[in-house]
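**Q** Here's a structure for you.
The values are calculated or read from the model by the stated rules, or taken from the named source; none is laboratory data. Note that this is a predicted model, so its numbers are computed, not measured. Glycine also receives a Cβ, built like all others from the backbone with ideal geometry; neighbour counts cover every protein chain displayed.
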Amino acid sequence: MTAADVHRTILAVWRIEQPRLITGLSRMLRDVTLAEDLTQEALVAALEHWPATGVPERPGAWLMATAKRRALDDLRRRDMLGRKHEMLIRELEQEQQAMPDSDAALDDDIGDELLRLIFTACHPRLSRESRAALALRMICGLTTEEIARAFLQPETTIAQRIVRAKRTLSDSGLAYETPRGEELSERLASVLEVVYLIFNEGYTAARGDEWLRPQLCSDALRMGRVLTLVAPQESEAHGLLALMELNASRIATRTDAAGDPVLLMDQNRARWDHLQIRRGLLALTRAHELGGARRFYALQAAIVACHARASTPAETDWLRIAALYAELTALVRSPVIELNRAVAVGMAEGPAAALAIVDDLAHEPALKSYHLLESVRGDLLFKLARFAEARAAFEAAARLAGNKREHELLQRRVVEAARRSEIAR
């Protein structure tokens, strides 16, 4: 294995193991900020050692053992041997003696612990924006750049939020906990947002070589199901679960055998997970029963339900989808939602009507670096047989796309538009 192969393997392992490391260490140390720092130190150790020694048979266990060793060293260095530190040191020493580093156990059942970590990161003492950014950094392993893209914010703004949030957690000594009662309700909206963003990153990765990160989707779904038990009367918990279940039902058909994206209209609907669709529709019904039909997640779930109920693309109720997006736009003033509405309008009323909406969005500052604006514009221009303009739009979208698979898809659209432009001359 070359050094480049080892480096790629380390980053791939890191994507999977980072949330496990942070949750495990946070549970032991009751200090989220310290846990995050120690996981970063474990990554640096892997980058230093693995190119020379090779990737361990159980890389996650190696990282956890390394992080625990650093934690023990850190506690000893502090020379603050109060009762709490004595207990922590004793527990860590016992674990180190019980098994060799290479066989250190790593807890695979992290659902509740991961959710507890999110609740901790979503403490009301942190700003709403900082909560989500910190959680995405710790749990998804997203870079500051990737989080900035998710929020359509400058990278420096996100970096400052994360630094401030970590400092607040560290200085305040906030408990690593799942709150109850009123405290839970106070944090729930932010927790739902984080779980939603985690699922979205798994469903369409902002960066990397693969379009999907299925483990993140699975983690988000598991947490969503737990949240409906923790807050059974909260309609948006059921709305979010419905949205994730319905979207996840299509995961097996969203890529081909080579891992390339397969767009919605080209997917084999017979291969959609119909059990998962039924679960999603049941969750959506429950959200409606609780009075949440016109809230953020339930409206999005209703849109996805329109696709789930259509046996073929031709049966899709695009007029209803466009109307639901209009409701969403009225509820949450978002240029991304308006762009999605344009797609639905294009299917319901034709590409010219949709292009007018997209052109109005061209000067939105938040969409300046958003590749899907140019991608949608290119698709509409292509349908209008304005192939040269479509090619330019697809080229712009490809330059902005951060995901390798999506970039390649857009490059294929560039070639296709160029070929049609030549034929039309």
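**Q** Does segment 2-13 include one or more residues that are of a type in the set (D, E) and in a helix (DSSP H, G or I)?
**A** The answer is yes; a qualifying residue exists.
**Q** I've got another one for you. Just to be sure, is A354 outside the structural domain of R425 (by TED's automatic domain parsing) and closer than 30 Å to D273 by Cα?
**A** Considered against the rule, which asks whether it is outside the structural domain of R425 (by TED's automatic domain parsing) and closer than 30 Å to D273 by Cα, A354 comes out as no.
**Q** Restricting the search to segment 16-33, which residues are surrounded by fewer than 18 Cβ atoms within 10 Å (Cβ to Cβ) and in a helix (DSSP H, G or I)?
**A** Result: I16, R27, M28.
**Q** Same structure, new question: Which one of these does A258 not meet: (1) hydrophobic (A, V, I, L, M, F, W, C); (2) closer than 27 Å to H407 by Cβ; (3) at pLDDT 95 or above?
**A** (3)
**Q** Further question on the same structure: Considering only residues that are part of a loop (DSSP other than H, G, I, E, B) and among the charged types (D, E, K, R), look in segment 109-131 and name the one that is modelled with the lowest pLDDT.
**A** D109
**Q** If a residue has to be of a type in the set (V, I, T) and under 15 Å from T39 (Cα atoms) to count, how many in segment 1-24 make the cut?
**A** Selection size over segment 1-24: 5.
**Q** In contact (Cβ under 8 Å) with a residue 24 or more places away in the chain, on the phi > 0 side of the Ramachandran plot, of a type outside the set (F, W, Y) and assigned by TED's automatic domain parsing to the domain that holds C217: which single residue out of G292, G259 fits that description?
**A** It is G259.
**Q** Please go through segment 187-221 and give me each residue that is of a type in the set (V, I, T) and over 11 Å from the mean Cα position of the chain (by Cα), ordered by number.
**A** If the condition is that a residue be of a type in the set (V, I, T) and over 11 Å from the mean Cα position of the chain (by Cα), then V191 is the only one that fits.
**Q** Filter segment 46-66 down to the residues that are assigned to a helix (DSSP H, G or I) and surrounded by fewer than 16 Cβ atoms within 10 Å (Cβ to Cβ) and list them by number.
**A** L47, E48, H49, A52, T53
**Q** When you check L192 against the structure, is it in the same structural domain as L246 (by TED's automatic domain parsing) and crowded, with 20+ Cβ neighbours inside 10 Å, yes or no?
**A** no
**Q** Evaluate segment 300-313: report whether one residue or more is not in a helix (DSSP H, G or I) and not assigned by TED's automatic domain parsing to the domain that holds Q267.
**A** Taking every residue of segment 300-313 in turn, none turns out to be not in a helix (DSSP H, G or I) and not assigned by TED's automatic domain parsing to the domain that holds Q267.
**Q** Collect the residues in segment 260-278 that are surrounded by 13 or more Cβ atoms within 10 Å (Cβ to Cβ) and assigned to a loop (DSSP other than H, G, I, E, B), keeping them in residue-number order.
**A** Passing the criteria: D260, V262, Q267, W272, D273.
**Q** Considering only residues of segment 307-317 that are surrounded by 14 or more Cβ atoms within 10 Å (Cβ to Cβ) and not β-branched (V, I, T), which is farthest from K368 (Cα to Cα)?
**A** A310
**Q** How about segment 1-47: which of its residues are at pLDDT below 80, closer than 22 Å to S218 by Cα and not polar (S, T, N, Q)?
**A** L11, A12, W14, R15, I16, P19, R20, G24, R27
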